[in-house]
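Have a look at the structure below before the remarks.
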Amino acid sequence: MVFQNLLWSLDSGVLTITINRPDKLNALNSATILEIKDAFESASKLVGLKGIILTGSGDKAFVAGADISEFKGLDANQAKSLAQRGHDIFNLIENMHVPVIALVNGYALGGGCELAMACHMRIATSNAKFGQPEVNLGIIAGYGGTQRMIQYIGKARSLELHLTADTIDAEKALHWGLVNYIETDKGSAFEKALYFINKIGTKGPIAVAKVIKVTNDYFIDGVDGFSSEVDAFGDIFNSNDVTEGVNAFLEKRKANFKGK
Ligand code: COA
């Protein structure tokens, strides 16, 4: 697939999507965010997809935020629509049926931090920096950051970052639970992400999708995650994967899941 502000690379079932506006530190302008939507919608239809690595072009930034130049002159309704569009797209990422791993290679600020948080795992390079500096502009996070950050690091630390606009480095992000791993550079972070996607790719695809779904259900108001788990557990037994997984164990061989 060809995009203006994204690079799309599919190799052996692993899709790497690179946000490619390095001269603007990969800031999310409207065109880019719409391309992210297109990319994830297309990815969701790919047969044999094992997982997605989402990263930023260059070594300086994952994404340095929403494109601030597009905030100029917005009225309240336009701002609300912009935020809603971001929410819809980040929800799409969070609800992908395969693992989405953010490879955070530098600044992940504002919308960049929010984008990383919408992914299922985060692997940071040692120069990564995380923050929600919106209050510096007199605004607040609008792509789910006030909510998702609490889920990862708790209310006190989330409020600290959102209220002070301070950034934290990769070590602190790891300590606080915002990232899963730190790697020295982009190459080793990519290898680590690849390792996880390939490992998860050997598991039952239906089960993987259900784990993501029921985990997300925990955070949806009015949805009982425990009931979701019971339903999902039952649904899985409609698939051939269960027979294959159980037989493979009993026959002491590797399972060959078909995702059916
Ligand atoms: N929106 C639009 N453009 C941005 C941007 C953003 N969020 N972040 C960086 N850029 C642009 C800069 O305007 C600059 O463009 P220019 O060369 O045409 O002037 C280019 O990217 C490089 O950024 P620069 O500020 O020169 O790099 P730096 O190394 O001095 O500083 C940051 C890096 C990340 C600290 C700084 O760019 C910054 O504070 N960005 C905004 C972060 C933010 O508030 N994000 C939340 C937005 S809601």
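The values are calculated or read from the model by the stated rules, or taken from the named source; none is laboratory data. Given the structure is predicted, the values throughout are model-derived calculations rather than measurements. All Cβ positions, glycine included, derive from the backbone under ideal geometry; neighbour counts span all protein chains shown.
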Self-check item: Scope segment 214-230; condition within 22 Å of Leu92 (Cα to Cα) and either part of a helix (DSSP H, G or I) or aliphatic (A, V, I, L, M) (or both); matching residues
Solution: Val214, Thr215, Asn216, Asp217, Ile220, Val223, Gly225, Ser228, Glu229
Quiz item: Would a scan of segment 94-102 turn up a residue that is polar (S, T, N, Q) and within 16 Å of the ligand (Cβ to nearest atom)?
Solution: no
Self-check item: Options Asp217, Asp221, Asp231; residue that is at pLDDT below 95 and surrounded by fewer than 18 Cβ atoms within 10 Å (Cβ to Cβ)
Solution: Asp221
Quiz item: In segment 240-255, is there at least one residue being out of contact with any Lys or Arg (no Cβ under 7 Å at 6 or more places or on another chain), loosely packed, with under 12 Cβ neighbours inside 10 Å, aliphatic (A, V, I, L, M) and not in a helix (DSSP H, G or I)?
Solution: no
Practice problem: Being in contact with a strand residue (DSSP E or B) (Cβ under 8 Å, 6 or more places away or on another chain) and among the charged types (D, E, K, R) is the filter; apply it to segment 60-93 and report the residue that is surrounded by the most Cβ atoms within 10 Å (Cβ to Cβ). | Solution: Asp67
Quiz item: When both residues are 6+ apart or on different chains and their Cβ atoms are under 7 Å apart, which pairs have a first residue that lies in segment 58-85 and is farther than 15 Å from Thr32 by Cβ and not assigned by TED's automatic domain parsing to the domain that holds Ile140, and a second that is assigned to a helix (DSSP H, G or I) and within 12 Å of the ligand (Cβ to nearest atom)?
Solution: none
Quiz item: Name the residues in segment 141-166 that are within 20 Å of the chain's Cα centre (by Cα), within 13 Å of the ligand (Cβ to nearest atom), free of Cβ contacts under 8 Å to residues at least 40 places away in the same chain and not in a helix (DSSP H, G or I), would you?
Solution: Ala141
